[in-house]
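S.K.: Here it is, the structure in full.
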Amino acid sequence: MDTEDTIVAVASPHDVGGLRGIVRLSGDGTLATVRKCFHSLEHESWEQVHSATRIPGTLTVRPPIGDIACDLYLWPTAKSYTRQPTAELHTLGAPPLLHAIVETMCTHGARLAGPGEFTLRAFLAGRIDLAQAEAVLGVIDAVNEREMNVALTQLAGGLSQPLDQVRNTLLNLCADLEAGLDFVDEDIEFVSQQQVELALAEAATTIAQAQQSMQLRNHTAQLP
C-alpha cells in the first residue's frame, strides 16, 4: 500500500441515501485528479488557493450522468486530516451517483482507498495517535448514542492524555534513577525509594483505569 498514492472513497454512509453525499480524495495528486473533471463557478484559478476553501461548481461524471452540481471542499496544504492535499466533493447523496464519481476519479489517476486508509494516513502523519485511530472506528461503527459517546470520549483524548502522562512520568523517573547511578559514589539521591514506589503505583492505577475504559467500550459495542 503506497501512502503517497492519491486515494478516493465515498465518505458519507454507504447504506443510506441522503440530501448530501461526500466523496473524499487525499494524496499528492489530488489537485491534478480533481482538475480534470471539476469546473469552478467562481474561481478561475482555484488550484492556486493556499488555505482550506469551499468552491461551488460542477463535476463532469462518466456517461450517461454528465455534469452535476457539486461543492469542492479543498485542503491544499499539510493542515488536512492526512497532512496531504485533500479534497471532498459534496453533491447529491444517491449511492449510485457517488459510486460513479469514485469511478470517474479512478479514471483520472486516483485509486480506491482501502478500509481505514484515510485514518491510517492520519496516524502515520502524526495527526492522531493509535487510541484515537481506534476511536475513529468506534465512531463509524456506533449504532446508538451510548456507543457514540464512548467513542467520542476516546477520540477526544480520553485514553491518550492519561497514558501520555504516565509515559512522561516514567521517563522522568528513569532519568532520575540513572542520574542517581551516575553519582552513587557521592551519595546523592535524586529520587527516594518511596517516591519511586508511589510513582509506579500511580502509573499502574492509571493503566488499569485505561484498560477498564477499553473493556467498557468493547462491551458496549457488543450490547444489543
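S.K.: Starting from region 1-16, keep only residues that are on the phi < 0 side of the Ramachandran plot, then list their pairs with residues that are surrounded by 10 or more Cβ atoms within 10 Å (Cβ to Cβ) and modelled with pLDDT under 80 whose Cβ atoms are within a distance under 8 Å, requiring at least 6 positions of separation or different chains.
M.R.: Ser12/Gly18
S.K.: To continue, here is another question. If Asp67 satisfies all but one of (1) surrounded by 14 or more Cβ atoms within 10 Å (Cβ to Cβ); (2) closer than 21 Å to Ser12 by Cα; (3) of a type in the set (Asp, Glu), what's the number of the condition it fails?
M.R.: (1)
S.K.: Would you pick out the residues in region 42-94 that are of a type in the set (A, V, I, L, M, F, W, C) and assigned to a loop (DSSP other than H, G, I, E, B)?
M.R.: Hits for region 42-94 are Val49, Ala52, Ile65, Ala78, Leu92, Ala94.
S.K.: Checking the conditions here, which among Ala221, Ala151, Ala175 is modelled with pLDDT of 75 or more, open to solvent by less than 70 Å² (accessible area, probe 1.4 Å) and assigned to a helix (DSSP H, G or I)?
M.R.: Ala175
S.K.: Quick one: in region 95-146, which of the residues that are among the acidic types (Asp, Glu) and crowded, with 18+ Cβ neighbours inside 10 Å is modelled with the highest pLDDT?
M.R.: For region 95-146, the residue satisfying everything is Glu117.
The values are calculated or read from the model by the stated rules, or taken from the named source; none is laboratory data. As the structure is a computational prediction, the values presented were derived from the model and not from experiment. Don't worry about glycine lacking a Cβ; one is built from the backbone with ideal geometry, like all the others, and counts go over all protein chains shown. The area values use the complete protein model at the heavy-atom level, side chains included, leaving out ligands, DNA and RNA. Shrake-Rupley method; radii C 1.70, N 1.55, O 1.52, S 1.80 Å.
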